[in-house]
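Heads up: the structure comes next, in structure tokens.
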Amino acid sequence: MKLDAHTIAGLAEHLETCELKARDTPKITDEHPGMDWDDAYAIQDEILRRKLSRGARLIGLKAGLTSHAKMKQMGVDTPVFGFLVDSFSVPEGTQVKTSELIHPKVEPEIAFVLKRALAGPGCHIGAVLAATDFVLPGIEVIDSRYRDFKFDLKSVVADNTSAARFVVGGRAMRPEQLDLRTLGVVMEKNGEVVSLGAGAAVLSHPAAAVAMLANHLGRRGQVIPAGAVILSGGVTEAVSVEAGDHVCLRVQNLGSVSLRFA
Ligand code: 0L1
Ligand code: MG
């Protein structure tokens, strides 16, 4: 690690304050160009620790930048991983307040819920499917705290991979009832199709993203816990939203889930 504990705590406080006050910031690597991956995940861990100390509950995990569309959109080449706490979860039918966000975007995701914990290293698609209780459609609302979504990967990891809100819903199905690679995904904004794709856009198989997450956590002595919601990554590029927008995600065989922005 290149940063000391004091600097990590200060950067975590800064990024979390930006999140809570909907304020943007230049990317943190501008002032800390030497920070490494361990520093970036340590800052993310410290943001989680701050939230848990105030009573938040860890309810899920996410993989980001797992599709070529997203990687191309953001000009990067590696998936990243983050956490989901209860305050990020939006029940379907409620409205997301854009006043609490900086510049929200939505992305269509396939969410996994595990029936037993999954540990890496060595985790693979088969192990993920065997451990999965069900999959369901999810819309992730990302909101990078970095000005104009201009960042590098280490800054994004520190910023909990832009996690802000998410909704899951539709019809939960067991993975053996589906071919997750050919699952069609259609996202509409205000009644118009804005993006479409298939499950294979996520690392050729969405379960591969979950396996990568398990292997990432395994290197850090952690597991994916049973019951956690796992967002496997945007199937398509992210789409900007503003107050008044209505977003509906339809996933083949899994029904639909929607979000309204106020
Ligand atoms: O969930 C995601 O793919 C977001 C990853 C972070 C980069 C971004 O803000 O687009
Ligand atoms: Mg995402």
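Just so it is clear, none of the values below were taken in a lab; they were calculated from the coordinates. Computed from a predicted model, the values in this text were never measured in an experiment. As a convention, Cβ positions derive from the backbone with ideal geometry for all residues, glycine included, and neighbour counts pool all protein chains shown.
Summing charges over neighbours of P206, with a neighbour being any other residue whose Cβ is under 12 Å away from its Cβ, gives -1 when K and R count +1 and D and E count -1.
How much length is gained on full extension from D24 to S204, taking 0.36 nm per residue of separation minus their Cα-Cα distance? Walk me through the numbers before you get to the answer.
Working: separation 180, 0.36 × 180 = 64.80 nm, distance 3.38 nm.
Separation in residues times 0.36 nm, less the Cα-Cα distance, equals 61.4 nm.
Let me know the whole percent of all Cα-Cα pairs from the chain that are separated by more than 36 Å. Could you put the intermediate results ahead of the total?
On the way: 2534 of 34191 pairs.
Tail of P(r) above 36 Å: 7 percent of Cα pairs.
Which of the pairs K115/K150; K2/K115; K2/K97; K2/K51; K51/K97; K2/K105 have their Cα atoms more than 30 Å apart in this structure? Over 30 Å apart, Cα to Cα: K115/K150; K2/K115; K2/K97; K2/K105. Computed from the C-beta positions of A9 and S240 and an R0 of 30 Å, the FRET efficiency is 0.40 to the nearest 0.05. In plain terms, the chain from K2 to D179 could stretch by 59.4 nm, reckoned as 0.36 nm per residue minus the Cα-Cα distance. In summary, the aspartates and glutamates within cross-link reach of K70, defined as a Cα separation below 15 angstrom excluding same-chain residues under 8 places away, comprise E107, E109, E140, D143, D152, E237.
Out of every Cα pair in region 210-262, what percent are spaced more than 15 Å from each other? Can you show the working numbers first?
Working: 915 of 1378 pairs.
Taking all Cα-Cα pairs of region 210-262, the fraction more than 15 Å apart is 66 percent.
Label-to-label distance, T78 versus D133, with points set 7 angstrom from Cα along the beta-carbon direction: 3.3 nm. Note on region 1-103: Cα-Cα pairs beyond 15 Å make up 71% of the total pair count.
What is region 8-57 by shape, rounded, prolate or oblate, if you read a ≥ b ≥ c off the alpha carbon gyration tensor as root eigenvalues and call it rounded for a/c under 1.5, prolate for a/b larger than b/c, and oblate otherwise? It would help to have the intermediate numbers written out before the result.
Values: a/c = 3.02, a/b = 1.35, b/c = 2.23.
Taking the square roots of the gyration eigenvalues as a ≥ b ≥ c, region 8-57 is oblate.
Stretching W37 away from E192 to a fully extended chain increases their span by 51.9 nm, per 0.36 nm per residue minus the current alpha-carbon distance. The helix-only estimate of mean residue ellipticity at 222 nm for the chain, built from DSSP H runs of length n ≥ 4 each weighted as -39500 (n - 2.57), is -8000 deg cm²/dmol after division by the residue total. Taking a ≥ b ≥ c as the square roots of the eigenvalues of the Cα gyration tensor, region 128-262 is oblate, since a/c reaches 1.5 or more and a/b is not larger than b/c.
Packing, as the average of other Cβ atoms within 10 Å across residues, places the peptides 193-204, 57-68 in the order 57-68, 193-204, highest first. Within the shell of other residues whose beta carbon sits under 12 angstrom from the beta carbon of F81, the net charge comes to +2, with Lys and Arg scored +1 and Asp and Glu -1.
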